[in-house]
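A short write-up of the structure that comes next.
The values are calculated or read from the model by the stated rules, or taken from the named source; none is laboratory data. Owing to the predicted nature of the structure, the values given are computational and were not obtained by experimental measurement. Note that each Cβ is placed from the backbone with ideal geometry, even for glycine, and that neighbours are counted across all protein chains shown.
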Amino acid sequence: MGRAATIALALLSAAAARGGEGGGECPPPPDHGAELRALYDQVRKAGTEEQARALTDRMWRLWTDAPDEAAQAVLDAGMERRRAYDYLGALREFDRLVAYCPDYAEGYNQRAFVNFLRQDYDAALADLDRTLELSPDHVAALTGRALTLMAMDRIDEARASLARALELHPWLPERGLAAPGGPLAPRRDDG
């Protein structure tokens, strides 16, 4: 077990001892709504892709700001396992995270990404939908949902999800999918 995973396990075990994993001991997720809305306003006005990328990096820092130290350690451990292609290990971490912090959107979003990489699209879609219930303007989840639906050959739904994401963030790398000739380009009868 790596150092990050050991720390995560110790922190989560301590949190569970105080009241039980998933038993409501996780504090509410940080409210970054105003900051994210401001970043969406800025990214829509960005003049270059480089400016937009810097704003997107700031969005990720907010999304991955977990509710407490224990949740942060588990999130970080899961993301590290995913980067190391240990998808099953990452799933275990994200399962623990959503059990401990069921109202933290990023736990579901990260688990969805791992399931997408594993081509378990039904599981990915369920987690993306939960992410969007908790954080309706989570542009990364909207984009992930579009890609997942595209993989499931649900093109009209994918098109709608990507269109919503591009309304919020027109500089997304996936914008090419909606460009003329792209697989999620608006249909001619869409206006």
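Results, tabulated for the structure shown:
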item: Matching residues in the stretch 122-146 - criterion: being buried (at least 20 other Cβ atoms within 10 Å of the Cβ) and under 20 Å from Trp171 (Cβ atoms); result: Ser135, His138, Val139, Ala140, Ala141, Leu142, Thr143, Gly144, Arg145, Ala146
item: Residues located in the stretch 165-183, provided they are surrounded by fewer than 22 Cβ atoms within 10 Å (Cβ to Cβ), hydrophobic (A, V, I, L, M, F, W, C) and either assigned to a helix (DSSP H, G or I) or in contact with a Phe, Trp or Tyr (Cβ under 9 Å, 6 or more places away or on another chain) (or both); result: Leu166, Leu168, Leu177, Ala178
item: Filter result for the condition that a residue is closer than 27 Å to Gly176 by Cβ and either in contact with a strand residue (DSSP E or B) (Cβ under 6 Å, 6 or more places away or on another chain) or crowded, with 20+ Cβ neighbours inside 10 Å (or both), over Val74, Val114; result: Val114
item: Count of residues meeting criterion [farther than 20 Å from Trp60 by Cα and either in a loop (DSSP other than H, G, I, E, B) or without any contact (Cβ under 8 Å) to a residue 12 or more places away in the chain (or both)] in the stretch 77-88; result: 3
item: Candidate set: the stretch 142-164, residues that are of a type in the set (D, E, K, R) and in a helix (DSSP H, G or I); chosen: the one farthest from the chain's Cα centre (by Cα); result: Asp156
item: Hey, Pro102 under 20 Å from His138 (Cβ atoms), at pLDDT 95 or above, touching a Cys at 6+ places or on another chain (Cβ under 9 Å) and surrounded by fewer than 19 Cβ atoms within 10 Å (Cβ to Cβ) or not; result: yes
item: Some residue of the stretch 99-108 being among the small types (Gly, Ala, Ser), under 22 Å from Glu133 (Cβ atoms), in contact (Cβ under 8 Å) with a residue 40 or more places away in the chain and in contact with a Gly (Cβ under 8 Å, 6 or more places away or on another chain); result: yes
item: Of the criteria (1) more than 23 Å from Arg61 (Cβ to Cβ); (2) touching a Lys or Arg at 6+ places or on another chain (Cβ under 8 Å); (3) surrounded by 24 or more Cβ atoms within 10 Å (Cβ to Cβ); (4) not small (Gly, Ala, Ser), which one Pro186 fails; result: (3)
item: Residue, nearest to Val43 (Cα to Cα), within the stretch 138-176, restricted to residues that are in contact with a helix residue (DSSP H, G or I) (Cβ under 6 Å, 6 or more places away or on another chain) and among the acidic types (Asp, Glu); result: Glu174
